[in-house]
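Engineer: A single structure is presented below for examination.
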Amino acid sequence: MPVRALWYRNGILSIVDQRALPGRTVVRRLRTPEAVAEAIRTLAVRGAPSIGVAAAYGMVLARRGGRHTAVQAARLLSSTRPTAHDLFVGVERIRAVWEAGGDVEAAADSYRREVVEECHEIGRAGAPLLSGARKVLTHCNAGALATVEWGTALAPIRVARDRGARLFVWVDETRPLLQGARLTAWELAKEHIPHAVIADNAAGHFLSRGEVDAVLVGADRIARNGDFANKIGTYEKAVVAHENGVPFYVAAPWSTFDPRTPTGASIPVEERSEEEVAEVRGQRLTPRRSRHRNPAFDVTPAKYVTAFITPAGVVRPQDLAKLLDRRMRAERPPAGPRATGSRVRRTRRASG
Ligand code: MRU
């Protein structure tokens with residue numbers, strides 16, 4: 001079984017601190033919304049769906065603590081990271097229940113179950129796409145750690161493996177915070193899925209030599225037209241995959257789709273601290289006088305996406321807007337934030 005990134009019981013949200021992996025498995029017990037906000041900001045809990053579920057439980061802790069109004073708690077948790085649409089879905093879902101006087105804990109539990117079940121559906125929908133594939137490439141970590149359980153990009157790989165496929169996974173290391181080298185490799189190693197970690201700048205080499213049959217990634221926010229934000233470096237992988245005729249798939253639960261953001265141009269891109277680029281695990285790499293830039297995400301145009309793997313099946317980019325409109329009409333899902341002002345927002349550095 002893959003790991004579980006977080007769980008909630010009796011007023012305590014327990015998270016596997018992803019900053020300590022793969023060296024140590026540290027479980028942190030969070031009791032206040034401030035502690036949850038800090039864990040999200042510092043990437044102790046990370047990956048868009050996990051962030052959304054953690055924030056939902058952060059709202060539960062705020063309600064229990066009695067020190068915040070629903071609006072204050074929502075503001076605290078929503079200010080942590082701007083790009084992952086799931087964060088706002090998780091917060092808004094619980095805020096609505098809180099303001100209606102409902103059972104926030106039951107609402108957060110049900111949101112968590114929904115995310116996990118959608119990941120299983122993504123796995124089942126995506127596995128057939130890999131039937132002829134031997135080697136796939138992934139970027140960042142879109143596994144169980146990023147999604148509470150199971151994963152988005154890793155879900156079809158897991159289902160294909162369970163159905164007897166012998167897949168090999170290229171794992172981009174994913175500088176600056178090394179989510180691929182530390183977290184995806186850790187998940188795959190635990191399950192004995194064959195893989196190799198490669199430097200971020202090696203992916204083009206393998207793509208151009210016919211050593212990658214498909215690229216699978218997750219997303220932090222998918223705009224109505226299919227442009228999507230994901231971990232920095234995703235865009236260049238998509239362009240090189242396109243150049244080499246390699247299919248490029250984006251797997252995500254519904255909370256990652258943002259029907260109110262028309263195109264990728266309006267997706268807010270988080271910019272994090274210079275230290276994350278200047279250092280690796282506390283070790284300084286660059287001259288003291290050097291400056292750094294650290295956008296945490298980039299936006300890949302829909303034209304490079306072969307298909308989205310959704311809980312409802314495989315969707316071509318050109319069909320996405322119609323599908324999202326139909327879902328909005330049927331469900332009226334909670335609104336995410338509209339992108340306003342600067343497209344680049346700064347957050348504090350990740351420690352550890
Ligand atoms: O900064 P992170 O580690 O939270 O970024 C995570 C990613 O970019 C993931 O690929 C994305 O959230 C999808 S997780 C299923």
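Per-residue answers, yes or no, for (1) open to solvent by 20 Å² or more (accessible area, probe 1.4 Å); (2) within 30 Å of Trp98 (Cβ to Cβ); (3) touching a residue at least 24 places away in the same chain (Cβ under 8 Å):
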{"position": "Ala251", "(1), (2), (3)": "no, no, yes"}
{"position": "Thr261", "(1), (2), (3)": "no, yes, yes"}
{"position": "Val277", "(1), (2), (3)": "yes, no, yes"}
{"position": "Arg284", "(1), (2), (3)": "yes, no, no"}
{"position": "Arg288", "(1), (2), (3)": "yes, no, no"}
{"position": "Asp298", "(1), (2), (3)": "yes, no, yes"}
{"position": "Pro301", "(1), (2), (3)": "yes, no, yes"}
{"position": "Val314", "(1), (2), (3)": "yes, no, yes"}
{"position": "Ala330", "(1), (2), (3)": "yes, yes, no"}
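Engineer: If you scan the range 316-327, which residues turn out to be surrounded by 14 or more Cβ atoms within 10 Å (Cβ to Cβ) and not basic (Lys, Arg)?
Structural biologist: Hits for the range 316-327 are Pro317, Leu320, Ala321, Leu323, Leu324.
Engineer: Step by step: first the residues of the range 66-86, then only those that are of a type in the set (Lys, Arg) and in contact with a Ser or Thr (Cβ under 9 Å, 6 or more places away or on another chain), then the one that is nearest to the ligand (Cβ to nearest atom). Which residue is that?
Structural biologist: So the residue we want is Arg81.
Engineer: Can you spot a residue in the range 73-81 that is of a type in the set (A, V, I, L, M) and open to solvent by 30 Å² or more (accessible area, probe 1.4 Å)?
Structural biologist: Going through the range 73-81, the residues of a type in the set (A, V, I, L, M) turn out to be 73-74, 76-77.
Filter again for open to solvent by 30 Å² or more (accessible area, probe 1.4 Å), leaving 76.
Scanning the range 73-81 turns up at least one residue that is of a type in the set (A, V, I, L, M) and open to solvent by 30 Å² or more (accessible area, probe 1.4 Å).
Engineer: Say we look at the range 37-63 and pick out the residues that are over 17 Å from Ser255 (Cβ atoms) and within 20 Å of the chain's Cα centre (by Cα); which of these is nearest to the ligand (Cβ to nearest atom)?
Structural biologist: Leu43
Engineer: Would you mind telling me which numbered condition in (1) out of contact with any helix residue (DSSP H, G or I) (no Cβ under 9 Å at 6 or more places or on another chain); (2) open to solvent by less than 40 Å² (accessible area, probe 1.4 Å); (3) of a type in the set (A, V, I, L, M) Ala265 fails?
Structural biologist: (2)
The values are calculated or read from the model by the stated rules, or taken from the named source; none is laboratory data. Every value quoted in this text rests on a predicted model; they were computed, and no experiment measured them. So basically every Cβ, Gly included, is an ideal-geometry build from the backbone, and we count neighbours across all protein chains shown. Remember, those area values only see protein heavy atoms, side chains included, never the ligands or the DNA or RNA. Shrake-Rupley method; radii C 1.70, N 1.55, O 1.52, S 1.80 Å.
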